[in-house]
Structure formats: C-alpha cells, structure tokens
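Everything on this sheet refers to the single structure shown next.
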C-alpha cells in the first residue's frame, strides 16, 4: 500500500447509516449521536445539533480513541472497544465500529449508562455489517475522482489560492 | 485517508506538519488561522503543555473552496516535535494524506532535523505508508536568522532524493521554486531521482506559510484524480 487508505460512501450508504443512528436515538433517549472516523473526520450526526465545533470534537475523539488503543496494548489488551467519560451532567460513551469509525453517544440524566451500553452494542453490530459491506463493495484503496486529474481541475485548484 | 462524501459532495483530507521541536509547526498553523477568513476555518485546537510545547497535536480545519463541484476541506495537524513524545506523534500520522516537514534552518538544529526526518520515515513505514509516494513537501523555516544553514546544505542532508524505478515517470521535472534545479531528474550514472518540493519560510512573519500549504494541498487534490 503506497499511501494511506481511503474510503468513500454513496448516498444510499449514508441513508442506511443515518436510519440506524436515528433508531438508536429513539430507543435510548440520548441527546445526540456522532459517527467519527478514525482519522478525526465527522461522518454523520443525528439528534440535538451540537453546540460545539463538530470537527474539533471529531479530531479529539479520534485522538482519544487512538491514545487509549495504545494504553490497551501496554497492559496486554488488543484494544478497548468502548470508552466511557462521565461528567457531572453530561456524559459520553464511545464505541468502535469495524475498526474504522467510532460511534459517540452524548447523553444526560434522561437516560442511563446501562441503557446506552446495551443498545449501542446492538447498533454497533448492525453498523459494523453496514460498513464491512460498504468497504468490501468499494474497497478501501484511494478512490479516483472523475475529472480531478484534468487541466480544468488544476486551474480550479490554482484559483483557490488566488 | 481522504474521506469523500458523495451525499454532501465533500472531500476531507488530512495534512500533517512534522519536524523537530521548536521548528515552527504550530506557528505555521497559527498563521493560517490568523489569515484565513473565519467563515472558512474552524477553531484552532492546541493540546499543549503549560509552556506552550505541543503535547499531543494542534488541529485546524480549513475550507479551501470548491473543485469539480466538491467542497474541499483540509484538516491541518501538527505533531509534538520533542523526541520524547513519539508514541503520540505516531498516532497523528494515521490516515495522513499529505505531509509537510518543517525543518529548522539553524545550523545547530541540523542533527535534530535529520533525527526527525528519520523518525518520520520510520513512523510512516510502521503504518505501511511510503513517504516517497504520497504528497510530501519540505519547508525550510527561520530563513531570516543569521545562523541559518544554506539551502544547498539542508537539501543535501534532508532532501537528497529517492530513486524512481517506474520507467513511466522517467521525465525531467523542473523545480519551480529553484530555477535550474529539478524535482525529478537523471543522475550521470543513469539513475532517476526525485525529491520533495521545497519552500523557504519565516513562519513567524507568515513568509512561505501559504506557499507551503498551497503546494501540499495541490498535490493532495491532484492525487485524488
């Protein structure tokens, strides 16, 4: 593999993912759910619109998960497949999906950790199937974007910087 | 690892600024943060120690504009430069689409530059990434200092080039930054060699910061086609 692997998803994938996340939202009464990829990019979010910068949140989530993966290895575990951060009012539960994305549930006292943990487990299994099907269909190699190697694209790229 | 969302027609790419401690990686991001229209950028997140040394990373998302109908968003990261923080430095490279190596031009930092460049190659290799095949740009920072080493010496130590065996690529490419020099050329021995594009910079004044970002992001976007 020469460079970093990439992935892309189509509208139908996006719809299936969002539907699954919306179902989890209804079942658990969490405030919001975010799906973040392991490199720190937001894939999807449902529920209450975040009051924070979702991109910053995603980059920190990915870093948090990566750092904890390394900690897991140090104590002889392969990974920590889920993490829980407890706050006074707001808490978050993070779970790995297919080793490529992280499902983050933000919740307060309208639900409980037990409920979130239980329901997230089922959703993670379903999302894992979705993502694995998606990866096997599209592959994880660099997707080629039509027209990006053209002169027109190069001119547009040049214009971005004035 | 660029992420392409066809539903929202967005491309997200990850750029990492690498290099020795106190070389100016964070300063590069701070300058971009200060100059880009606030509507086109997010917050600058810094995970730093109390003495403002980067502990884990700095992060800045920037929207560059639209190419072929896709909104292009670049996530700029720096790594902690200090040797001690290699574990966290390596984590940041995960899924990288383009790398900027910020070298400290000061003569007495040459060893630190070399060590950091070697560390970059090693960490990339551990992920199975090949630095010679992904967008990679070198920035020689602090050019205004009296003890700055000549660019020729920095090039010889840090960017001597790598062999190109793919015959389809055996074509001389001039270096736009240095007239008379090349990014891809043939040695008298017949071997073809390529090296990373280079920019000179004084990041504290902003000189060369956007040129560097432009070169690397252009390479990343072109690599998508």
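Just so you know, all these numbers are worked out from the coordinates, no wet-lab data involved. Just so we're clear, the structure is a prediction, and the values are computed from it rather than from any experiment. Methodologically, a virtual Cβ is constructed for each residue, glycine included, from the backbone with ideal geometry; neighbour enumeration extends over all protein chains shown.
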Exercise. With a ≥ b ≥ c the root eigenvalues of the C-alpha gyration tensor of segment B:97-191, is it rounded (a/c under 1.5), prolate (a/b larger than b/c) or oblate?
Worked result: oblate
Problem set entry | Cβ neighbours within 10 Å from other chains - mean over A:145-154 | 5
Seminar exercise, completed: Mean Cβ-within-10 Å packing, highest first, puts peptides A:40-50, B:177-187, B:18-28 in the order B:18-28, A:40-50, B:177-187
Seminar exercise, completed: Shape call for segment B:1-127, from the Cα gyration tensor axes a ≥ b ≥ c (a/c under 1.5 means rounded, otherwise prolate when a/b beats b/c, else oblate), comes out prolate
Exercise. How big is D, in µm² s⁻¹, for the protein assembly as shown by Stokes-Einstein at 20 °C and 1.002 mPa s if Rh is the Kirkwood radius over C-alpha pairs?
Worked result: 97 µm²/s
Problem set entry | Mean Cβ count within 10 Å, highest first, over the residues of peptides B:87-98, B:108-119 | B:87-98, B:108-119
Problem set entry | Helix-derived mean residue ellipticity, 222 nm - over chain A, DSSP H n ≥ 4, -39500 (n - 2.57), to 500 | -16000 deg cm²/dmol
Problem set entry | Beta bridge orientation in the protein assembly as shown: antiparallel %, DSSP, nearest 5 | 65 percent
Seminar exercise, completed: Rg/Rh over Cα atoms for chain B, Kirkwood Rh, comes to 0.95
Exercise. For peptide B:13-19, how many partner chain Cβ atoms fall within 10 Å of a residue's Cβ, on average?
Worked result: 1
Seminar exercise, completed: Among beta bridges assigned by DSSP with both residues in segment B:120-225, the antiparallel ones amount in percent, to the nearest 5, to 75 percent
For this session: Nearest 5 is fine: what % of DSSP beta bridges in chain B come out antiparallel, could you say?
Result: 55 percent
Problem set entry | Cα gyration tensor category, rounded, prolate or oblate, for segment B:141-225 with a/c compared to 1.5 | oblate
For this session: Take every residue in peptide B:73-79, count the Cβ atoms of other chains within 10 Å of its Cβ, and give the average of those counts.
Result: 2
Exercise. When the helices in chain B are scored as -39500 (n - 2.57) per DSSP H run of 4 or longer and the sum is shared across all residues, what 222 nm value do you end up with, to the nearest 500 deg cm²/dmol?
Worked result: -8000 deg cm²/dmol
For this session: Describe numerically, in nm with one decimal, the distance between label points set 7 Å from Cα along Cα→Cβ at residue B:125 and at residue B:43.
Result: 3.9 nm
For this session: Report the normalised scattering of chain A as log10 I(q)/I(0) at q = 0.14 Å⁻¹, calculated by the Debye formula with identical scatterers on the alpha carbons.
Result: -0.79
Seminar exercise, completed: Computed over chain A: longest principal axis from alpha-carbon atoms vs helix A:113-138 long axis, angle to nearest 10 degrees, is 20 degrees
Seminar exercise, completed: Taking 0.36 nm per residue of separation between residue A:79 and residue A:109 and subtracting their Cα-Cα distance, the length gained on full extension comes to 7.9 nm
